[in-house]
Amino acid sequence: MSSDASPPSVWPVLHYDDTRAALRFLVDVLGFAEVVAVPDEHGGIGHAELRWPGGGALVFGSTRHTDSVHGRIRAGTSAVYVVSDDVDTVHRQVVDAGGEVLEPPHETRFGSGAAAYVCTVRDPEGNLWTFGTYRGS
């Protein structure tokens with residue numbers, strides 16, 4: 001867990017066409033922890049809350065739900081950066097699951113000039129997930 005014991009205060013919101021498959025990928029492959037997964041009337045997940053073991057959280061829902069302020073969010077249009085001390089393990093889990101790796105683990109420098117060890121993968125609906133050691137300034 002994060003050294004800051006306070007609850008997450010930033011929650012990215014993503015939408016998926018196949019919410020059950022998204023939940024399995026995010027939990028079983030990437031390593032998020034499922035906190036809430038509420039079924040919807042279509043047999044999918046209407047609302048899910050996930051936590052990252054190192055701190056942070058995300059919410060996702062279905063593209064079928066168009067009656068909210070987030071109702072026009074399309075699947076596969078997001079990019080998320082996740083701090084990880086074990087980039088190689090995340091990469092291996094994605095490879096073992098037959099997932100798409102866009103950039104295997106490597107050393108890089110971000111725009112700020114900070115060095116990081118990162119890898120980037122694409123989830124089954126097209127969202128980009130970069131896992132890296134950079135924790136911010």
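What is the spin-label model distance, in nm, from residue 114 to residue 67 if the labels are put 7 Å beyond Cα along the C-beta direction?
For residue 114 paired with residue 67, the spin-label model returns 4.2 nm.
When the accessible area of the chain is split by element with a 1.4 Å probe, what percent falls to carbon and sulfur?
Carbon and sulfur atoms account for 51 percent of the accessible area of the chain.
Starting from the amide H of residue 40, placed 1.01 Å from N in the peptide plane, find each other amide H under 5 Å away whose residue is 5 or more places distant or on another chain.
Here 45, 46 satisfy the definition.
What are the residues whose amide H is under 5 Å from the amide H of residue 100, where those residues sit 5 or more places off or on another chain and H is modelled from the backbone?
122
Relative contact order (percent) for the range 1-52, with alpha-carbon contacts under 8 angstrom and 6 or more residues of separation?
Across the range 1-52, relative contact order equals 27 percent.
Helix-only estimate, please: 222 nm mean residue ellipticity of the chain, summing -39500 (n - 2.57) across DSSP H runs of length 4 or more and dividing by its residues, to the nearest 500.
Calculated from helices alone, the mean residue ellipticity at 222 nm is -3000 deg cm²/dmol.
Can you give the relative contact order of the chain as a percent, counting alpha carbon pairs under 8 Å and 6+ residues apart?
22 percent.
Counting Lys and Arg as +1 and Asp and Glu as -1, each charge on the Cβ, what is the dipole of the chain about the Cα centre in debye, to the nearest 20?
280
Students often check this: by mean Cβ neighbours within 10 Å, which of 82-90, 18-26, 69-77 ranks highest, and how do the rest follow?
Order by mean packing, descending: 18-26, 82-90, 69-77.
To the nearest 10 degrees, how steep is helix 87-96 against the longest Cα principal axis of the chain, on a 0 to 90 scale?
50
Ordering 133, 66 from largest to smallest accessible area (1.4 angstrom probe), what's the sequence?
66, 133
With θ set to phi - 60°, apply the Karplus curve 6.51 cos²θ - 1.76 cosθ + 1.60 along the range 109-114 and write out the HN-Hα couplings as whole Hz, x wherever there is a Gly or Pro.
Karplus-based 3J(HN,Hα) across the range 109-114 equals 10, 7, x, 6, x, 6 Hz.
Of the listed values (1) 15.5; (2) 8.6; (3) 7.4, grab the one calculated as mean projected area of the Cα convex hull in nm² from the structure here.
Looking at mean projected area of the Cα convex hull in nm² for this model, the match is (2).
The values are calculated or read from the model by the stated rules, or taken from the named source; none is laboratory data. Given the structure is predicted, the values throughout are model-derived calculations rather than measurements. Note: ideal-geometry Cβ built from the backbone for every residue, glycine included; neighbour counts use all protein chains shown. We work out accessible area using only protein heavy atoms, side chains counted, and drop any ligands, DNA or RNA first. Shrake-Rupley method; radii C 1.70, N 1.55, O 1.52, S 1.80 Å.
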